[in-house]
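Asks: Structure provided below as structure tokens; questions to follow.
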């Protein structure tokens with residue numbers, strides 16, 4: 001079991017990797033980890049994922065209420081919490097705007113053609129969720145039918161959300177989606 005400090009280190013490290021690899025720009029995207037006590041450690045709003053420090057992160061309860069942290073939590077936390085409720089096997093969520101995959105999402109094209117065996121083995125297909133306004137229940141409703149059977153989802157006119165048993169898996173799923181696109 002990881003300590004909260006280990007989770008903080010990991011979120012900061014993967015946030016930098018997301019930024020450095022161009023999967024997010026400016027203050028885009030967010031990452032979270034479900035901790036052993038059920039609380040969620042997440043990135044703050046309006047901060048570059050490439051410039052975060054451990055003490056910038058925020059802890060929320062399962063309803064999104066801030067438990068600790070000096071910054072404000074992202075409005076996207078509702079999407080993360082919804083995924084955690086729907087998938088008890090998921091302990092990490094990454095939301096980003098990878099350029100090519102987001103282009104597919106904006107064009108309304110799912111990544112559901114078996115073009116490369118590695119993608120089929122790791123992700124299967126990457127469906128397209130209908131548009132839901134970011135930070136609203138409408139977004140969770142759009143994702144709901146797709147969450148149980150997928151590890152990555154394109155969000156129409158928005159970006160991509162990936163998840164997994166741990167942050168490494170969720171991050172690699174994001175890389176894989178962009179590579180596939």
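Asks: Those residues that are farther than 24 Å from residue 77 by Cα and exposed (fewer than 13 other Cβ atoms within 10 Å of the Cβ), I need them from the stretch 113-142; list them, please.
Replies: 113, 114, 115, 116, 117, 118, 121
Asks: Can you report the number of residues in the stretch 37-51 which are in a loop (DSSP other than H, G, I, E, B), within 22 Å of residue 165 (Cα to Cα) and within 15 Å of the chain's Cα centre (by Cα)?
Replies: The first filter runs over the stretch 37-51 and keeps only residues in a loop (DSSP other than H, G, I, E, B), leaving 37-39, 43, 45-51.
Applying the additional criterion that residues be within 22 Å of residue 165 (Cα to Cα) yields 37-39, 43, 49.
Those left that are additionally within 15 Å of the chain's Cα centre (by Cα): 43, 49.
Within the stretch 37-51, residues that are in a loop (DSSP other than H, G, I, E, B), within 22 Å of residue 165 (Cα to Cα) and within 15 Å of the chain's Cα centre (by Cα) number 2.
Table: residues versus (1) farther than 26 Å from residue 40 by Cβ; (2) touching a helix residue (DSSP H, G or I) at 6+ places or on another chain (Cβ under 8 Å); (3) in contact (Cβ under 8 Å) with a residue 60 or more places away in the chain.
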{"site": "68", "(1), (2), (3)": "no, no, no"}
{"site": "89", "(1), (2), (3)": "no, no, yes"}
{"site": "97", "(1), (2), (3)": "no, no, yes"}
{"site": "103", "(1), (2), (3)": "yes, no, yes"}
{"site": "112", "(1), (2), (3)": "yes, no, no"}
{"site": "116", "(1), (2), (3)": "yes, yes, yes"}
{"site": "121", "(1), (2), (3)": "yes, no, no"}
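Asks: I would also like to ask the following. Please go through the stretch 26-36 and pick out each residue that is part of a loop (DSSP other than H, G, I, E, B) and surrounded by 18 or more Cβ atoms within 10 Å (Cβ to Cβ). Steps first, answer last, please.
Replies: Step one: filter the stretch 26-36 for residues part of a loop (DSSP other than H, G, I, E, B), giving 26-29, 35-36.
Answer for the stretch 26-36, where residues must be part of a loop (DSSP other than H, G, I, E, B) and surrounded by 18 or more Cβ atoms within 10 Å (Cβ to Cβ): just 29.
Asks: How many residues are touching a helix residue (DSSP H, G or I) at 6+ places or on another chain (Cβ under 8 Å), modelled with pLDDT of 95 or more and assigned to a helix (DSSP H, G or I) when one looks only at the stretch 126-167?
Replies: Of the residues in that region, 4 qualify.
Asks: Of everything in the stretch 16-25, what is under 16 Å from the mean Cα position of the chain (by Cα) and either assigned to a loop (DSSP other than H, G, I, E, B) or without any contact (Cβ under 8 Å) to a residue 60 or more places away in the chain (or both)? Give them in sequence order.
Replies: First pass over the stretch 16-25, keeping only residues under 16 Å from the mean Cα position of the chain (by Cα): 16-19, 21-25.
Within the stretch 16-25, 16, 19, 21, 22, 23, 24, 25 qualify.
Asks: Taking the stretch 52-109 on its own, how many of its residues are under 23 Å from residue 17 (Cα atoms), in a loop (DSSP other than H, G, I, E, B) and modelled with pLDDT of 95 or more?
Replies: The qualifying residues number 10.
Asks: With (1) under 25 Å from residue 145 (Cβ atoms); (2) under 14 Å from the mean Cα position of the chain (by Cα); (3) surrounded by fewer than 22 Cβ atoms within 10 Å (Cβ to Cβ) as the list, and residue 107 as the residue in question, which single condition is left unmet?
Replies: It is condition (2) that residue 107 fails.
Asks: Which of the numbered conditions does residue 166 fail, given that it passes all the others? Conditions: (1) closer than 28 Å to residue 41 by Cβ; (2) crowded, with 20+ Cβ neighbours inside 10 Å.
Replies: For residue 166, the exception is condition (2).
The values are calculated or read from the model by the stated rules, or taken from the named source; none is laboratory data. Remember, predicted model here, so these are calculated numbers, not experimental data. Note: ideal-geometry Cβ built from the backbone for every residue, glycine included; neighbour counts use all protein chains shown.
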